[in-house]
Structure formats: C-alpha cells, structure tokens
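See structure below.
The values are calculated or read from the model by the stated rules, or taken from the named source; none is laboratory data. Since the structure is predicted, the reported quantities are computational estimates derived from the model, not experimental observations. With ideal geometry, Cβ positions are generated from the backbone for all residues, glycine too; neighbour counts draw on all protein chains shown.
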C-alpha cells in the first residue's frame, strides 16, 4: 500500500504498482475483472491526472489572486500618502497638478501590472474593482478629493516665497538649487 512508503522510500514504479494493486483489489468485488496491477494503471492514471489538474487550477488561481492582490496592496499606501500630503499642503494649483499626476502615475502602474495576461481574471478584477464605480473605487477615494477640492488657490509669488520661509528655509534652498541644476542640465546646459 502507498502509506507504507515514506517520501523517497519507493520508486515511482513501486508506487504505481501498489496503486494499481490497490485499485484492482477494490474493483474486483464490484464485478470489474482486472488481471493485475499493470492493467489497473489506465484506470488510476486518469484519476491521478484529474486530481493533478484540479490542484494545478487551484494553485494557479490562488497564485494569480495573490499576485494581483500584492500589486494593489503595494500601490495603495502611496495613494494614501499622496492624498494625505495634499490635505496637508497649501493647496495651490501647482500642488494640485502634481498630486493628480502622482495619482495618475500610480494608476498607470496598476493598469500595467494587473493587465499581465498571466494574472488572468484576478488581474482584471484588480483593475475593475478599483476603477470608477468599482467595489473599492480608488478614484473616489484618492483622486476626486484632490481634483474637486474647492480650496485650491492660484499660484502666486507668495506661494513660491513660502518655499523658502518654511522649515528654516535652508533645506528648501538646497532642494531648489538641486532641481534648478537638474533642469539646467536637461534643457541645454550640457554644452
């Protein structure tokens, strides 16, 4: 019998022979004539194959669902951080444009990764469940509060000067100089 062998104790042929013998002893009382262990293999093979296929489908579906969930689970904290940063900002038009661009960039990542054909229906649900009107509408949660905020202010010289006056000013100067240097190099200061 199969349970007499530990993992690695029996060869594949021994296991097949024992399974075939067990099938023959079970089938004989119900009127099926099985000559020996090897003649039972065609009856056992399809059963084992069927279980193997079921396990494969279960494993694949579970792996797809887990992979699709990991994608959205990895992105959502950034969606929350973006909304929190917006809520704590001075809510200028420039900040709104950047916060919306952050959301759009994260959403494109979700679309790209969840559209992988290997994720199947789990990936499709990852997108549809978070699309407008979906089960967990990320647009309603994370984009619309930014896009529809009635407190958005026009950009002004004073909002730029606030960059330098907040946080002691020195850190912001360093950031602004770094951004300016990068912009200079990208625009044409290479020469």
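To keep it simple, each residue is scored yes or no on (1) part of a helix (DSSP H, G or I); (2) at pLDDT 95 or above; (3) out of contact with any helix residue (DSSP H, G or I) (no Cβ under 8 Å at 6 or more places or on another chain).
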residue: 65; (1), (2), (3): yes, no, no
residue: 68; (1), (2), (3): yes, no, no
residue: 75; (1), (2), (3): yes, no, no
residue: 90; (1), (2), (3): no, no, no
residue: 94; (1), (2), (3): yes, no, no
residue: 97; (1), (2), (3): yes, no, yes
residue: 105; (1), (2), (3): yes, no, yes
residue: 111; (1), (2), (3): yes, yes, no
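Checked against (1) outside any loop (DSSP other than H, G, I, E, B); (2) within 21 Å of residue 101 (Cβ to Cβ); (3) at pLDDT 55 or above, residue 132 passes all but a single condition, namely (1). Residue 127 fulfils the conditions (1) within 11 Å of the chain's Cα centre (by Cα); (2) touching a residue at least 24 places away in the same chain (Cβ under 8 Å) except for a single criterion, (2).
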